[in-house]
Amino acid sequence: MLTVGLTGGIGAGKSEVSRLLVERGAVLIDADRIAREVVEPGTPGLAAVVEAFGEAILAEDGSLDRPRLGALVFSDPEKLATLNSIVHPLVGARSRELEEAAPEDAVVVHDVPLLTENGLAPLYDVVIVVDASPGTQLDRLVRLRGMSEEDARARMAAQATREQRRAVADIVIDNDVPLAALERRVEEVWADLVRRARDPRPE
């Protein structure tokens with residue numbers, strides 16, 4: 001098994017790269033999706049979040065009101081740290097379960113948005129960073145996701161810098177390119193990952 005940490009700044013196109021890798025046979029473990037699962041209604045995770053932040057962060061149907069919680073923690077590092085201390089261990093435990101269930105010869109891709117920020121690079125055999133210029137990121141966030149420019153810039157500023165992400169990368173995928181070029185690059189990367197999975201000895 002080869003474990004891959006896949007990361008990139010918001011708007012860099014990491015989701016598109018993960019989709020292309022899955023098409024080629026990767027087993028995807030999506031940290032964001034797991035983070036939602038571990039705080040679904042009835043879970044110990046949601047109970048812990050409510051205990052920390054109060055019932056005001058619940059929607060009428062008893063589910064987590066993500067925009068309200070986000071507004072609460074986004075501008076307060078201490079509250080964000082509290083939330084992370086609840087959610088991250090649960091995400092880590094579930095990720096390990098899914099990895100252990102994958103075939104022995106699998107290329108397991110962990111989609112981890114905050115890999116750089118949380119110092120997680122050493123956990124993986126290979127780290128892939130999807131890289132795009134800040135201008136490209138901003139354009140995608142405003143044009144494709146409907147964010148205001150101010151909100152998009154704030155979200156980008158809250159993440160690791162482009163240089164910090166590239167510093168932890170074993171492989172960089174440039175996504176300032178048309179989709180066809182991205183697909184060709186992912187095909188090259190996939191061949192490399194399969195080779196590494198079959199022959200894990202260092203070069």
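The values are calculated or read from the model by the stated rules, or taken from the named source; none is laboratory data. Here the structure is a predicted model, which means the values were calculated and not measured. Please note: Cβ atoms are built from the backbone with ideal geometry, for glycine as well, and neighbour counts cover all protein chains shown. Quick note on the areas: whole protein, heavy atoms, side chains included, nothing else; ligands and nucleic acids left out. Shrake-Rupley method; radii C 1.70, N 1.55, O 1.52, S 1.80 Å.
Observations on the structure shown:
- From the list Val39, Val50, the lone residue that is open to solvent by less than 90 Å² (accessible area, probe 1.4 Å) and either among the hydroxyl-bearing types (Ser, Thr, Tyr) or assigned to a loop (DSSP other than H, G, I, E, B) (or both) is Val39.
- Conditions (1) over 15 Å from Ile34 (Cα atoms); (2) surrounded by 15 or more Cβ atoms within 10 Å (Cβ to Cβ); number of the one not met by Ala56: (2)
- Conditions (1) crowded, with 18+ Cβ neighbours inside 10 Å; (2) aliphatic (A, V, I, L, M); (3) touching a helix residue (DSSP H, G or I) at 6+ places or on another chain (Cβ under 7 Å); (4) more than 26 Å from Val172 (Cα to Cα): number failed by Leu72: (1)
- Scanning segment 156-183 for residues that are under 22 Å from Val4 (Cα atoms), under 18 Å from the mean Cα position of the chain (by Cα) and not in a loop (DSSP other than H, G, I, E, B) turns up Arg162, Glu163, Gln164, Arg165, Arg166, Ala167, Ile171, Val172, Ile173, Asp174.
- Filter pass, Val22 being at pLDDT below 95, within 23 Å of Val172 (Cβ to Cβ) and not charged (D, E, K, R): no
- Residue list for segment 1-19, restricted to those being at pLDDT below 95, surrounded by fewer than 21 Cβ atoms within 10 Å (Cβ to Cβ) and not in a helix (DSSP H, G or I): Met1, Ile10
- Any hit, segment 108-130, residues being small (Gly, Ala, Ser), modelled with pLDDT of 95 or more, closer than 25 Å to Gly9 by Cβ and open to solvent by less than 80 Å² (accessible area, probe 1.4 Å): yes
For every residue, the table says whether it meets (1) aliphatic (A, V, I, L, M); (2) free of Cβ contacts under 8 Å to residues at least 60 places away in the same chain; (3) touching a helix residue (DSSP H, G or I) at 6+ places or on another chain (Cβ under 7 Å).
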site	(1), (2), (3)
Leu64	yes, yes, yes
Pro67	no, yes, no
Glu78	no, yes, no
Asn84	no, yes, no
Leu90	yes, yes, yes
Pro103	no, no, no
Val108	yes, no, yes
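- Glu99 within 29 Å of Arg166 (Cα to Cα) and either touching a residue at least 60 places away in the same chain (Cβ under 8 Å) or surrounded by fewer than 14 Cβ atoms within 10 Å (Cβ to Cβ) (or both): yes
- Ala26 falls short on exactly one of the conditions (1) in contact with a Ser or Thr (Cβ under 9 Å, 6 or more places away or on another chain); (2) open to solvent by 50 Å² or more (accessible area, probe 1.4 Å); (3) in contact (Cβ under 8 Å) with a residue 60 or more places away in the chain, and that condition is (2).
- Verdict on Leu138 being hydrophobic (A, V, I, L, M, F, W, C) and open to solvent by 60 Å² or more (accessible area, probe 1.4 Å): no
- For segment 138-167, the candidate set comprises residues that are in contact with a strand residue (DSSP E or B) (Cβ under 9 Å, 6 or more places away or on another chain) and touching a residue at least 60 places away in the same chain (Cβ under 8 Å); within that set, the residue that is nearest to Ser18 (Cα to Cα) is Arg165.
- Which listed residue, of Val129, Val108, is β-branched (Val, Ile, Thr) and under 12 Å from the mean Cα position of the chain (by Cα): Val129
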